[in-house]
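Structure, as structure tokens:
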Amino acid sequence: MLSTPFSTITSPPITTHQPPHLPETLASLITTSKTIKQLLQIHAAVIRHGFHNHPLLNFKLQRSYSSFNRLHQSLTLFKLTPNPNVFFYTSIIHAHAVHNLHLPGIKLYIQMISQDVEPNEFTFSAVLKGCPLDPGKLLHPHVIKLGFHENMHVRTALVDVYSRGGDLASAHQLFDTMPERSLVSLTSMITGYAKHGDLVNARALFDAITERDAVCWNVMIGGYAKYGKPTDALTLFRRMMRGKMNPDEVTLVAVLSACGQLGALESGRWIHSYMQNNGFHMNVHLGTALIDMYSKCGSLKDAQLVFNKLKNKDVIAYNSMITAYAMHGLSQEALVLFSSMCRTHTRPTDVSFIGILNACAHSGLVSIGKGIFLSMDVKHKTEPTIEHYGCMVNLLGRAGYLEQAYGLVKNMKVDPDPVIWGTLLDSCTLHRNVDLAEEIVKFLVDHNLANSGTYILLSNLYAATSDWVGVARMRTMMKDHRVHKEPGCSSIEVHNKVHEFVAGDMNHPNSEKIYMMLEEVNGWLKDHGYTPQTDIVLHDFGKKERARSLEVHSEKLAIACGLISTEAGSTIKIVKNLRVCLDCHEVTKLISKITRRRIVVRDRNRFHLFEDGSCSCGDYW
């Protein structure tokens, strides 16, 4: 191994008869060096020939060390440089920014100012690159004072600081008053809007750009994928491909996320094939995205294949596979993989524990889940967060330990959030424990913690127990508070196209055929002696009206669409935004038996694999 030459810098040997133009030759060699080994050898030559204080060589060495991710050597050279000028300062500040070391970079800027070295436009571009919002706001007056506020590059950097930091009003004001806008400034503004969920304004700016680069496409596609608009993400990706713009790794990770949200397995497989045919290296980022996509699309075997072939697995890859097993109800496989990860000395993260606790919850493994939860602090030195408490409340509540779950919520080390209370109330609905639900709601109301979900869940519980007076009271309160229930929505991908349905949907182009298929299915169910689970209908209807409302649930429409649109014997895959209801669960089991089809349903919480009249969840969900 080559040692660093810094130890000999202060006392280089004296050399004579040096070749002419040697500094220029060394400078060229530094610039063209391909490896850190080459750079160290050239640096040693610089010292041997007595050029250790040569400004140009030191400047080029400083930049080259940084480019090889050797920031420490770069900083050491900078500190050994007598009276560094603006170029040295700008270079070392930029090096820190590239490594996301913004505060040390700002300290170097302050040092520069204190030594009366005046910054230039490149200095400000460097120090503002990736700078957090608060320090950026402090630097803004310096920009104005030194007359660089009209410079396009500096102004673009400021737009980026404000937009990334969420101060979109200031970013927009700077952007609107720019005398000239570059693609970079437009992309910065789009990034700010997309990052903070303002997809309408982001798309308006995106559409106004005539020539877009990959970064611009990635920001918009990623924004759609992040904020629950996967259909828009896929549509934009296909438009990107039609425009002959080649996607990069960032694009593919975002689009695979969109495929996973939609359950669009065919599209996800096409992207995987594209990666293989276009020379993409299967690194951990792409591998993890594929695992996540395949597991969410119901193809656990494909997820396992990707995971097993993945080299240099990190904790994120393990977490994705553990979560996949949990979603599919394979708790034992999740537990085995969690233990294997720990044996490889890969330290579990917060996400690891969320995944494994969810695996326990999906299978009712209360004792094991409790043990893992307690081990977080004792064995793994990880303080449980509100998400981990939520997993435990779900585990205890679904298993029927409602009082224990309530006690845990009341004695948490952190304040429970609406999700925790919603999980507990959902368990009360599952086990029809009205008394405890009312006690919880009273507590929430008394402490000003009640929200829209509180009223919806209690209304559902009253309806499940046929307390229509309670339902009416809750619905009046919901109306007064302008609370709206999220409608159930199911989707199915057929021939690379996603079809979405809500209950009673008549908007599909093939609605007539779908409803004819539903009538046929109803005939099959009657022949097999099925009785609709009318007691779960959350409306005060007569029995016939209740049965009819069950027949047109969104998942049944999606299944009917699958039956008329796919080959006999092929697997039908459905994605549901809410929890599958009891009636749809029982009906789907029967349909799988009658049609001899595998039906995979991914609901809000987990996967259900229906096959030959049974479900992989064992009726525990």
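Computed quantities for the displayed model
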read-out: With Cα atoms, 0 to 90° folded angle of helix 199-208 axis to the chain main axis; value: 50
read-out: Heavy-atom accessible surface of the chain: percent carbon and sulfur, 1.4 Å; value: 55
read-out: Average Cα contact separation per residue, the range 155-214, under 8 Å, 6 or more apart, as relative contact order %; value: 32
read-out: Accessible surface ranking that places the most exposed of 217, 524, 270, 621 first, with a 1.4 angstrom probe; value: 270, 524, 621, 217
read-out: Normalised alpha carbon radius of gyration of the range 180-229 [divisor 2.2 N^0.38 Å]; value: 1.01
read-out: Aspartates and glutamates whose Cα lies under 13 Å from that of residue 145, excluding same-chain neighbours fewer than 8 positions away; value: 118, 121
read-out: Positive minus negative residues near residue 54 (Lys, Arg vs Asp, Glu; Cβ under 15 Å); value: +2
read-out: The range 218-305 - charge dipole about Cα centre, Lys and Arg +1 at Cβ, Asp and Glu -1, debye rounded to 20; value: 240
read-out: Extension gain (nm, one decimal) between residue 177 and residue 378, 0.36 nm per residue minus Cα-Cα; value: 66.7 nm
read-out: Gain on full stretching of the segment that runs from residue 283 to residue 345 - 0.36 nm per residue minus C-alpha separation; value: 20.3 nm
read-out: 313, 301, 195, reordered so the largest accessible area comes first (probe 1.4 Å); value: 301, 195, 313
read-out: Protection proxy ranking, peptides 349-362, 330-343, 93-106, average beta carbon neighbours within 10 Å, highest first; value: 349-362, 93-106, 330-343
read-out: Extension gain, residue 510 back to residue 76 (0.36 nm per residue minus Cα-Cα distance, nm); value: 149.2 nm
read-out: Average accessible area per residue (Å²) across the chain - probe 1.4 Å, nucleic acids and ligands excluded; value: 49
read-out: FRET efficiency, 1/(1 + (r/R0)^6) with R0 35 Å, evaluated for residue 579 and residue 524 via beta carbons; value: 0.90
read-out: The chain, dipole about Cα centre (Lys/Arg Cβ +1, Asp/Glu Cβ -1), debye to the nearest 20; value: 1440
read-out: Spacing of the two label points (7 Å from each Cα toward its C-beta) at residue 386 and residue 144, in nm; value: 3.7
read-out: Cα long-axis angle, helix 434-446 against the chain (0 to 90 degrees, to the nearest 10); value: 40
read-out: Whichever aspartates and glutamates have a C-alpha closer than 16 Å to that of residue 479, once near sequence neighbours (fewer than 8 apart) are set aside; value: none
read-out: Qualifying GluC sites (Glu not before Pro) for the range 199-277 [loop in DSSP, other Cβ within 10 Å: at most 12]; value: 211
read-out: Globularity ratio of the chain, using Cα Rg and 2.2 N^0.38 Å; value: 1.20
read-out: Label-point separation in nm, residue 276 to residue 466, each point 7 Å along Cα→Cβ; value: 5.7
read-out: Nearby aspartates and glutamates by direct alpha-carbon distance to residue 413 (threshold 14 angstrom, same-chain neighbours under 8 apart not counted); value: 377, 383, 387
read-out: Descending principal axes extents, the range 188-312, alpha-carbon based, whole Å; value: 43, 27, 26
read-out: Residue 101-residue 200 FRET efficiency (beta carbon distance; Förster radius 35 Å; 0.05 resolution); value: 0.50
read-out: Contact order normalised by residue count of the range 494-621, Cα under 8 Å, 6+ apart, percent; value: 22
read-out: Part-to-part distance (alpha-carbon centres) for the range 375-413 and the range 439-476, which is given in Å; value: 24
read-out: CD proxy at 222 nm, helix term only [per DSSP H run n ≥ 4: -39500 (n - 2.57); per residue of the chain; nearest 500]; value: -20000 deg cm²/dmol
read-out: Ordering of 455-463, 174-182, 287-295 by burial proxy (mean other Cβ atoms within 10 Å per residue, highest first); value: 287-295, 455-463, 174-182
read-out: Relative contact order, percent, the chain [alpha-carbon distance under 8 Å, six or more residues apart]; value: 6
read-out: Between the range 215-245 and the range 296-329, the Cα center-to-center distance that results, in Å; value: 25
read-out: Residue 129 accessible area, assembled protein chains, probe 1.4 Å, Å²; value: 100
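The values are calculated or read from the model by the stated rules, or taken from the named source; none is laboratory data. For clarity, every value in this text was computed on a predicted model and none was experimentally measured. Methodologically, a virtual Cβ is constructed for each residue, glycine included, from the backbone with ideal geometry; neighbour enumeration extends over all protein chains shown. Protein only, heavy atoms only, side chains kept; ligands, DNA and RNA dropped before computing areas. Shrake-Rupley method; radii C 1.70, N 1.55, O 1.52, S 1.80 Å.
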